[in-house]
Every structure is written in C-alpha cells, then in structure tokens.
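Contents: one structure, followed by commentary.
What follows is calculated from the coordinates using simple rules that are stated; it is not laboratory data. Treat the numbers as computed from the prediction; the structure is a model and nothing was measured. Note: ideal-geometry Cβ built from the backbone for every residue, glycine included; neighbour counts use all protein chains shown.
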C-alpha cells in the first residue's frame, strides 16, 4: 500500500457561487465555479475558503464532487462562518479559496478491493473518492451511516458510482439499525478487502479503526481540526503521530490509522 | 503638482544598522519559517522574514484546541511548538539559504529559562543567513518563561544582558502588552543593550463556550491577535517611541498598507503583518503596493519619512 499522496503548489483562486441549497436539516451544498482548482483537486484534499471579508480566518472544507469546472462542498451549519456561507447567493457572490490543501487518499493496488466507511457528513469526501475509484476501475464497497435517514447525506452517490450503497442508521430508519461498526465487521469478515477508508466524526472513526485492527487491514482516517493558515505555518492543527507532531493541513488530513497516537487524537478533537 | 509614480517610491529603510528593501516583515509564528508561504510570496521582497520561535530543544506545544476566532480577531494557544534549534538550522535555515538566499531573516528566540536564550543564539551565531535575533520575552501561552520575562523590567533586562555578549548582530526585544507601563520595560531593555524593540505580542484573552459551560482553550487563556488589537498596539508603539531611541517594529492587527502607514506615523520603523497572513497569503505584497500608493498620493518620496511623522491635532 502506498503512503498518502502529497501535493505541492497551492494557489489562491476567486470562485463564483453556482448554487447553494439546504440538502438535509442544517446540511447545505454549495457549488463553486473554480476552473483551476477543480482540475487539481484529488479526493481527500480540502479547500480553505474565505467566506466573508469580515471574518478573521478562512474555513477548511472537504470537497465531495467535481463537475467539470465546479467543485461541490457539503457543509454542516455549525457556527458563524457556516451561517454566513448559507447566505451566499448564486452568481453574485465571489469568494477566495486557497487550495488544493492537504494530502489525498492513495488508491489501492490494481486488483484489490477497498471498503469506504462514511459517517454523517464524512460520507461527502468519500463520495469523491468513490467516483475516483469507479473511474479507475477499482472495485469497492461503500457503507454510509447517520443518526437518521435524512442525515445520510450521500444517498445520491450511487448514480455516479453505479453500485448500491449499504446504509446504517442509529434509529433504523434506513438500512441497518445500529452502529456502522456492525456492517463494517460483516464486510471485513469476507476477507476480500485490502484497505479501508474511513471519514466521519472522530469517535466513529476510532470505533471503525478498532474493528479494522482485528482484521489487520490498512485503514486510512481523515482528521478535522481548527486551523488558521491551512498551509502549514501556524501549527494550530497539530496531531501527535508515531513520527512526532504533524500538521493536519499539510501532512493530513488523511493518515494511516496505525501512525496516529489515537489517545491524543481523542484529547484534541473538535467538540 | 504632478503625482509621484508609486513605482518610484523609495521603500528602503535602515533598521539597527541593516539596510532593508522595505519596512515590512511578518509576526513570528504566523509565517512558519517562510517556506510555507513560498508558493505565494517572494521572500526576498520582504524587508525581513521573522521566523517562528526557536528553542534549544523541541517543544511540544499545547494540547486541545489551539485557536478560536473572536470578533475581529483570534485567540491562539499554540504554546511555541517547534522542533528545536538544531532542526531549525538543518531544515528551515538550510532551506532558506538555498531557496531564498537574499531574504533577510530575523530569528525569533525563546526559552523557558534565561540560559536557554543563550543556548539558541550560540548555536545560530555561526550560521549565515541570520540577520537579527528577536527575543521572545512576551508569549502568553507557556508556563515557564515567555511572558513572565517581559512583565518585569529587571528580568527583561537580564535576558538581553545574558545574550548581548554572544552576538554583534542586532538584538530585538519583543514586548508584551500585558503590563501596566510598557515604556518602562522598553527603557529597561534598551539600557540592557537591545538594538531594537518589537511590540506588541498578543493580548491575553479568553473565550468561553456558553453552551458547554467551558473555556474554549484548555489553558483557559490565549493570545488575542488581529484587527481587534490594533488600537492597543498603536497606542503602545507611540508611547514607546517617545521613551526610547532604538528603532521599533510595530505589530498588532496590521493588515493593510494604510495600517502600515499608521504604525510608522506612530513611530515604528518596521511593521509586521501577522494574523493578516492567515486570511490572505498575499497580505504582505498587497500592503507594500498600498504603502507605495499612499506615499505617491501624499508626495512622499521616501517611505522612511513616515517614521514618527504624526502631527498634533
């Protein structure tokens, strides 16, 4: 298995809002016209968006889909920045983005099969990975979970990846009734997977990593941290790894789970 | 009257005996060691590049959330995380020497004890590419050292006196605003041999998450930076400029070229952009263009003429 893929040469691009709609309770999707960024971004990377000139800091967002010159971002409304983002109107709003930021998910070796495990909004960037794997002809299975069916946000991804997605919900309103770890365990018992890609709330990622450890399968997690610069300078997004302190913004956001000191991850996660 | 061409403005300044191409620098900790911004900024075009804080050995920095945005600014609690002076020499300084040999470098030096400042400077002294040292006696985010050195005029002077014999390069003392009388601290470090003073470091602040009944930062307090602190910084630069004769680096919320002008009028010879770099990695380039346009508009041929040129109302 190759290590996570590093990319260089970030740039700043002024992007135009193509659409911006609420797709689930408190979850929105904004589509930005960003011709240069769209052609450089790889699944797992993020963009650092200046939502409003009156904010002091940019906000990092993962990308869930590329459509020619456009990038699609699913976001939960969690604070002042994302509240302001919901107010951006189509075509008359321009924003500055820095990107592509961070590393991307490495693709598995030819002929091997991947398991994609997305919890809540974490399914969004995995949607882009699923599309990349589909285009590359790599076999994979995609499991998504959420608290309830309306919060399983990547249900529509099956169209572009032309395969069924397996679901799990806490309340049983869609797919398996219970935690995502159960269908993950069931899949891994087949022994056909060589790599697992997981993205979602950190507590869910930790639980999935614990399951994967029993099957000795390489597992990549995707971490989220508050960050100021997004380009490796400010050290806000520090994470402890077995190789020493690393930065989520440039060394991540994708990490091989066995490289992380997960106790530290729990302490410093976003609440 | 014919307006001056902004391109004809002389932006050169001299600071503590060094000739620099512009009065602009960056605030320590906001610009890495320059390498992180090399995709965006020509480092040699900065008057000087101020590095992150460097300690004798690696420091892990603080646990928990390290930043939070507040009105017109941000709080940070990084805790001077760095890989130590040896790593800095072999990675950061070596990179700068091969990729931006023209850049003038100010190395920010920190320590938990007074002797630790000396250990860093002793290791750096023989290496080319270090233009000046900035003594960090003002960081609010570490338990030992940091701000505690800079709040007592005697201790602040002791740090400068300890390292003064170790170098002929300019020594700058970076002061904290979290004191009652910053002019007294400034006079004290000047008397101890500082060649320049930079001010202000961040303002001690706090943010609370009401819904969780908890402070946002694990250490409860952090350093406030950004436009929110600019009026405090301008006041202190003005006050200190009247108390000492060494040149000043003004910083604290400076974002635009007009902000740079304001700090220079208040008495700063150089001005550092800090938090502004996070929002706009081109902030220093833009500020320099705006500074030249301002000078052209006001018929000022030499940017250095702005220093201390504040008039009475």
query = Can you give the translational diffusion coefficient of the stretch A:1-123 in µm²/s, computed by Stokes-Einstein from the Kirkwood radius over Cα pairs at 10 °C and 1.306 mPa s?
reply = 104 µm²/s
ask   = At 222 nm, what helix-only mean residue ellipticity would chain A give, in deg cm²/dmol to the nearest 500, using -39500 (n - 2.57) for each DSSP H run of four or more?
value = -6000 deg cm²/dmol
remark   = quick note, the stretch B:49-112, DSSP beta bridge pairs, % antiparallel (nearest 5) is 55 percent
task = Tell me the label-point distance for the pair residue A:36, residue B:209, using the 7 Å Cα-to-Cβ offset, in nm and rounded to one decimal.
result = 3.7 nm
message = Give the average over all directions of the projected area of the C-alpha convex hull of the stretch B:235-299, one decimal, in nm².
response = 4.4 nm²
request  = Using only the alpha carbons, work out the radius of gyration and Dmax of the stretch B:111-250 in angstrom.
outcome  = 15.9, 54
note = Rounded to the nearest 5, the percent of antiparallel DSSP beta bridges in the protein assembly as shown equals 55 percent
ask   = Could you state the number of Å between the C-alpha centres of the stretch B:241-313 and the stretch B:131-189?
value = 23 Å
query = How much space per residue, in cubic angstrom, does the convex hull of the C-alpha atoms of chain A take up?
reply = 121 Å³
query = Rounded, prolate or oblate: which fits the stretch B:24-89 when a ≥ b ≥ c are the square roots of the eigenvalues of the alpha-carbon gyration tensor, with rounded for a/c under 1.5 and prolate only if a/b beats b/c?
reply = oblate
Where only C-alpha atoms are counted, convex hull volume of the stretch B:168-256 per residue in Å³ = 123 Å³
inquiry  = Nearest 500 deg cm²/dmol is fine: what mean residue ellipticity at 222 nm does chain B get from its DSSP H runs of n ≥ 4 alone, each adding -39,500 (n - 2.57), divided by its residue count?
reply    = -7500 deg cm²/dmol
ask   = Per residue, what volume in Å³ does the convex hull of the Cα atoms of the stretch B:158-203 enclose?
value = 66 Å³
ask   = Given N residues in the stretch A:72-123, what is Rg(Cα) / (2.2 N^0.38 Å)?
value = 1.66
task = With no solvent and one equal point scatterer placed on each C-alpha of the stretch B:197-313, evaluate the Debye formula and give log10 I(q)/I(0) for q = 0.10, 0.22 Å⁻¹, two decimals.
result = -0.35, -1.19
query = So how far, in whole Å, is the C-alpha centre of the stretch A:167-213 from the one of the stretch A:128-162?
reply = 14 Å
message = Please compute the Kirkwood hydrodynamic radius of chain B from all pairs of different C-alpha atoms, in Å with one decimal.
response = 19.3 Å
ask   = Between residue B:232 and residue A:139, what is the spin-label point distance in nm, taking each point 7 Å from the Cα along the Cα→C-beta axis?
value = 6.2 nm
request  = Grab the beta carbon distance between residue A:185 and residue A:110, set R0 = 22 Å, and tell me the FRET efficiency rounded to 0.05.
outcome  = 0.25
note = Distance in nm between residue B:39 and residue B:58 label points, each 7 Å along Cα→Cβ, equals 2.5 nm
query = When the Kirkwood radius is taken over all Cα pairs of the stretch B:45-196, what Stokes-Einstein diffusion coefficient follows at 37 °C and 0.692 mPa s, in µm²/s?
reply = 207 µm²/s
ask   = How big is the antiparallel share of DSSP beta bridges in chain B, given as a percent to the nearest 5?
value = 40 percent
query = Say R0 is 51 Å: what FRET efficiency, to the nearest 0.05, do residue A:91 and residue B:299 get from their beta-carbon distance?
reply = 0.75
In Å, descending, principal axis extents of the Cα set of the protein assembly as shown = 75, 57, 47
ask   = Tell me, what is a quarter of the convex hull surface for the C-alpha atoms of the stretch B:1-133, in nm² with one decimal?
value = 11.3 nm²
ask   = Going 7 Å from the Cα of residue B:242 in the Cα-to-Cβ direction, what parts of the stretch B:180-220 have a backbone nitrogen less than 12 Å from that spot?
value = B:183
message = What three numbers, in Å, describe the spread of the alpha carbons of the stretch B:217-266 along their principal axes, ordered from the longest?
response = 40, 25, 14
Nearest-0.05 FRET efficiency for residue A:243 and residue B:144, computed from C-beta distance (R0 30 Å) = 0.65
ask   = For chain B, modelled as a Gaussian network with Cα springs under 10 Å, which listed residue fluctuates most, B:115, B:126, B:209?
value = B:209
request  = On a C-alpha basis, how far is the centre of the stretch A:81-127 from the centre of the stretch B:17-85 in Å? Whole number, if you could?
outcome  = 28 Å
remark   = Everything considered on the Cα gyration tensor (a ≥ b ≥ c; rounded for a/c under 1.5, else prolate if a/b is larger than b/c, else oblate), the stretch A:114-271 must be described as prolate
